[in-house]
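Presented below is the structure to which this report refers.
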Amino acid sequence: MSVNASFVPHSLTRRQFLVAGSTVSGAFVLGVPFSAATAGAGDVRQLGFFIEIQTDGHVIIGTNQPEIGQGVRTALPMLVAEELDVDWDKVSIRPMPLGIVKTADGYTWKYGGQGVGGSTGLTSNWDFMREVGATARQQLIQAAAARWGISPGTCTTEPGYVVCTSLGEKLPYADLVGDAANLGVPEESPPLKDVADYRIVGKMHKTIDARDIVTGKTKYGIDTRQPNMRFAVIARSPYLNGTPKSFDASVARKIDGVLDVFEIKGPAPGEPYQILASGVAVVATSTWTAIQGRDALRIEWDKGPNAKDSSEKFWAENASMLEGSGQVGVDDGDFEAAMAGADKIVEHQYAVPFVNHAPLEPQNCYAFVEKDRCHIIAPTQMPSGASRSAAWATGLERENIHVDFTRVGGGFGRRLTNDYVAEAALISKQTGWPIQLQWTREDDVKNDFYRPAGLHEMRAGLNANGEIAGWTQRLASASKYYRRPNMPDENLWEAELYADDFPRNIVPNLRLEYFHNAIGIPRGSWRAPAHTANAFVVQSFIDEIAHETGQDPLQLRIDLYGEERELEYGGHGGPTFNPGRLTRLIKFVAERIDYGRTLPKGRGIGLASHFTFGGYAAHAIEVVVGNNGDLSIERIIAAIDCGYAVHPNAVEAQLQGGTIDGISTALGLEITVEDGQIQQSNFHDYPLARIATFPNRFEAHILPYDENPTGVGEMGIPSAAPALTNAIFAATGKRIRRLPIKDQLRV
Amino acid sequence: MISFQVNSENVAFDGDGSTPLLWVLRDHFNLTGTKFGCGIGQCGACTVHINGAARRSCMTPVAAIKGRSVTTIEGLAAGNDELHPVQAAWLEYDVPQCGYCQAGQIMATVDLLQRIPKPTDADIDKNIRNICRCGTYARIRKAIHKAAELQAEGGSDVS
Ligand code: FES
Ligand code: FES
């Protein structure tokens, strides 16, 4: 989700060698480790992968990336299977552990970069996985050619076989894999298939491990069961940066099954987080006993330095900061002159709240720390981060820490941070036992790296033709980069305002200005970081400009986005942004929903579109608002342009899910603080939307563009909320400028 | 000692009777298909059947099920290699994203279809109150209608 050094797409050069061996089951493993030097960086990164071809022709493909519901465990093996040329229904998958290797220059990847965030899981492996499959296929061809005594050039493949038409012969891969593994790797990278020839990629396939999910067999992190495992929970400080002054565990210790109680030290205020909070750990023979033990603790808290933090104070501070002048991040053209010469000025403020990630599987981690090694099993988006967290907690070298990662019960950016891994490792180290640390929902709602909240002031100056000549976005917010190691204050704005986002390079005189609010709430990457806030603000403001200047909201967008052309885009998702792709999408959704028809009072259609980390999406939403303020979403049209859809079924699912996430969050979700304490605790006061909110008239469309896939996990969310609030305005004339919508429609 | 049945087997729990059934299933019987999401009856991830009716196991003290029969997602289908029609419908529409809520969604749907064999969208809205954080609701809705059809067609398990 955030741009992170470990997400930099691999720039593969040449494969160096190929190894093979027999597995325990007697099947052959065809491993294709790569060694590739990153251009300019000078560090050699060892990348690896494996394919197993069983004697009966079944193929097991290793998956090296965390599956958080985005479909990567299906999509990446599709790429390998396509180039390898095997039947998809013969493929199964095997999750791989974290692979890191110590070198003279530090740690490097063994199985390729592992980690999912920023919608890069697919794009950063697109070339890599295809080359793995193509190389293996090439080896199999060479092995067959050698056996037949002919040139490899006269051979080809059909699914699972090497074929020589002139000889009229074919050999199954399963018979060739041993020979293939002993051959050197071709000097030239084998050519990759034409997209037009794909049989697997780009076609509708189901989630490869769905049957295990619907039968309850899938093991998530929370389902880890290991010999002698004990269960732990932590009573964390309810005060931001608070600490236990003293605690009385005498009652807790009397509970049958409570084994140990001890203090856990959190980071000093202002210091980077390894874990989120100080607290008291309870270890017991079962989860429930540990929770009972925790309930029985009597803890006196030192409220710490943030005891006076409150949402009220936060919003007041933001408003007063906007009275002054802030850090100017972008200053194109002559903004002041454009505003001074404007025929009309439109100006509004918008507030976006803190929100919780709330993955449905609460944080948990299995850790077993022994004298010279440690085993971690965690639901994580960033297994290498898990390894670092465990190393921090245990003092062990990372090569002695084995990290397995499970299918993850939701990520949304929360599990880019491995604080719960560090906690579990601390507890296991202290007790010497294998530990499953379990967070309750209350722990998760109250202890998170929340989506940053902020107050946005928007101002636009229009000339006599209704064209926008000057534009500013002034944001007072709590930056996501707060308390990051080695993060200078002057960079804090970059996490919250992306310099090259629309309308940069479209509106000539443009200024972005930032004010940082250092409230003590931890914050982090929340699905489509900054984009969810900025799409709401900008797409609402465009609507307001249109209404206040007598223009049509659709036409104004079309005029601004314009024709296809590549604009420079320096941030994650670049190097270019083609606003014409938004024109196409917004026109498409408008047409599908029959935009422009006359609607009765109380019914309205709203539109929005946004460019997110390389991908494009648009929404059209139709609502009815009753006289009492009852909101009903009648129809949703969502469309995505992700370049090329590798795994269209998952693209559609992500678009549906992102749309639902955006609407659910806009409708009712907000984290607030009072007296330095988070006010919400569970789903009764953090009410995720349920099925009844979403109509059956809900279309999700994929509009293919070219042969280059973009990510898809985050693109579906940003334009959903503004399409909804724009629809509410169209229906009622009521403009939502503060999220969540909650009861603002009640009259 | 609290005796009851889980997936047609006789079992006994020898601990604190106030322990929620959820944790007894997960920690004592290693039946981890039933999930913990909220612990307060809000999300439905922990939904099981008690004497055939959907219940939130996080809100059910194990003492309360003495002598009763519990079905979990692991025991829903008639046989090991078979699928309940609701599971089959879930696969047909490829409902799961992260998948974490889906056992609960399926258990809730089986119960719904027992009460209302051919639910309307409004019936679904009213009766399916389980949370899916990934937002699979669009596919859940289709899969529920499909499951209703599959059950009407035969009601027997498919493999
Ligand atoms: S865990 Fe039981 S309803 Fe959420
Ligand atoms: S599929 Fe992830 S919570 Fe429903």
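Laboratory data are not the source of any read-out in this text; all were calculated from the coordinates shown. Keep in mind that what you see is a predicted model, and the values were worked out from it rather than measured. Glycine gets a Cβ as well: all are built from the backbone with ideal geometry, and neighbour counts include every protein chain shown.
Brief remarks on what is shown
- Seen against the Cα atoms of chain B and their longest principal axis, helix B:137-153 is set at about 90 degrees.
- Positive-end extreme of charge dipole, the stretch A:473-560 - chosen from A:GLY550, A:ASN517, A:ASN486 (charges on Cβ): A:ASN486
- If the Kirkwood radius is taken over C-alpha pairs of the stretch B:12-143, then at 20 °C and 1.002 mPa s the Stokes-Einstein diffusion coefficient equals 142 µm²/s.
- Percent of alpha-carbon pairs separated by more than 13 Å within the stretch B:57-100: 68
- Above-threshold pairs, the threshold being 20 Å between Cα atoms, out of A:LYS245/A:LYS303; A:LYS254/A:LYS429; A:LYS219/A:LYS265; A:LYS219/B:LYS35: A:LYS254/A:LYS429; A:LYS219/A:LYS265
- Within the stretch B:16-37, backbone nitrogen closer than 15 Å to the virtual label 7 Å beyond the Cα of A:ARG225 toward Cβ: B:22-36
- Cross-link partners of A:LYS742 among aspartates and glutamates (Cα-Cα below 20 Å; sequence separation of 8 or more within a chain): A:GLU312, A:GLU622, A:ASP630, A:GLU634, A:ASP661, A:GLU670, A:GLU674, A:ASP685, B:ASP125
- Pairwise FRET efficiency - A:LYS742 versus B:ASP81, Cβ, R0 = 60 Å, nearest 0.05: 0.80
- For the protein assembly as shown, a crude dipole built from +1 on the beta carbon of Lys and Arg and -1 on the beta carbon of Asp and Glu, taken about the Cα centre, is about 1980 debye to the nearest 20.
- For chain A, the share of DSSP beta bridges that are antiparallel, to the nearest 5, is 75%.
- A straight Cα-to-Cα reach below 15 Å connects A:LYS170 with the aspartates and glutamates A:ASP85, A:GLU158, residues fewer than 8 places away in its own chain not being considered.
- Percent of Cα pairs exceeding the 20 Å cut-off, where the set is the stretch A:211-369: 69
- Of the residues B:ILE124, A:ILE640, the one with the fewest other Cβ atoms within 10 Å heads the list, and the complete ranking is B:ILE124, A:ILE640.
- For A:MET229, A:MET715, the sequence from fewest to most other C-beta atoms within 10 Å is A:MET229, A:MET715.
- Cα shape, the stretch A:182-260, gyration tensor, a/c 1.5 rule: prolate
- Here the simple spin-label model places points 7 Å from the Cα toward Cβ, and for A:GLN551 and A:MET487 these points are separated by 3.6 nm.
- For the stretch B:27-81 versus the stretch A:286-355, the inter-centroid distance based on Cα atoms is 41 Å.
- 10 Å Cβ neighbours from other chains, averaged over peptide A:207-213: 6
- Look at where the Cα atoms of the stretch B:98-150 and of the stretch A:72-100 average out, and the two centres are 31 Å apart.
- Dividing the Cα radius of gyration of chain A by its Kirkwood radius returns 0.99 for Rg/Rh.
- Gyration tensor verdict on the stretch A:335-381 (Cα atoms; rounded if a/c is under 1.5, prolate if a/b is larger than b/c, oblate otherwise): prolate
- Where the Cα pairs of the stretch B:2-75 fall when distances are cut into 10 Å bins, in %: 23, 63, 15
- Annotation: the residues A:HIS357, A:HIS375, sorted from fewest to most other C-beta atoms within 10 Å of their own C-beta, follow the order A:HIS375, A:HIS357.
- Prolate/oblate/rounded label for the stretch B:74-152 (Cα gyration tensor, a/c 1.5): oblate
- Exposed-loop-free span, longest in chain A, where GluC sites (Glu not before Pro) count as exposed if DSSP calls them loop and at most 10 other C-beta atoms lie within 10 Å: A:189-562
- Over chain A: helical MRE at 222 nm, DSSP H runs n ≥ 4 each giving -39500 (n - 2.57), nearest 500: -8000 deg cm²/dmol
- C-alpha center-to-center spacing [the stretch A:632-699, the stretch A:134-193] in angstrom: 48
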